[in-house]
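The values are calculated or read from the model by the stated rules, or taken from the named source; none is laboratory data. Remember, it's a predicted structure, so these values are computed and weren't measured experimentally. Here Cβ is always computed from backbone atoms with ideal geometry, including for glycine, and neighbour counts include all displayed protein chains.
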Amino acid sequence: MGCICAKTLEDNNSISKELKNSIDSNSINILYMEDTQIHFELMSFMLDNYTNKKINLFWAKNMKEGYKYFKDNRVDMAFIDRIIDKRKEGDLLINQIVLEKLIDINKIIVISSDENTTPLEKYIKKGLIYLKKPVNITNVLEIVDKNL
């Protein structure tokens, strides 16, 4: 199946050096901003077992890690949880990365248990994808295949 390299971003300095030496430029870099480890592991499992794409999946546990990764690396697609540590850090990150044009809006997939999409409506109209938790594996894989 797919080839996946899953990394946490706990030590951004050593990760950046390691990544520059190990990542194939033809692979797809996906950032997953989520504060729950089991959700990251599930995403890693889905992408590894159900896609044929060569994917590097990176886990940011909060907005600070996510933003730093966007600034320092190429991100081909991002899955972003809206609510991190009971705050809407995902919304803040989306606003910042869109403002700075760090990724195309149609390469951002919001995953959230929050049904209120009003704060993100302007982005949804421009192509941002919004998935409600629990996510459907088939939907996630279709989005990856269609958008990459």
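Got a sec? Which of LEU31, LEU9, LEU19 is aliphatic (A, V, I, L, M) and at pLDDT 85 or above?
On inspection, the qualifying residue turns out to be LEU31.
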> For the subset of region 85-109 comprising residues that are more than 15 Å from PHE70 (Cβ to Cβ) and out of contact with any Pro (no Cβ under 9 Å at 6 or more places or on another chain), which member is modelled with the highest pLDDT?
Replying inline: ASN106
> Taking region 126-142 only, how many residues are of a type in the set (Lys, Arg) and buried (at least 17 other Cβ atoms within 10 Å of the Cβ)?
Replying inline: 0
> Would it be correct to say that ASP145 is under 15 Å from LYS53 (Cβ atoms), of a type in the set (D, E, K, R) and surrounded by 12 or more Cβ atoms within 10 Å (Cβ to Cβ)?
Replying inline: yes
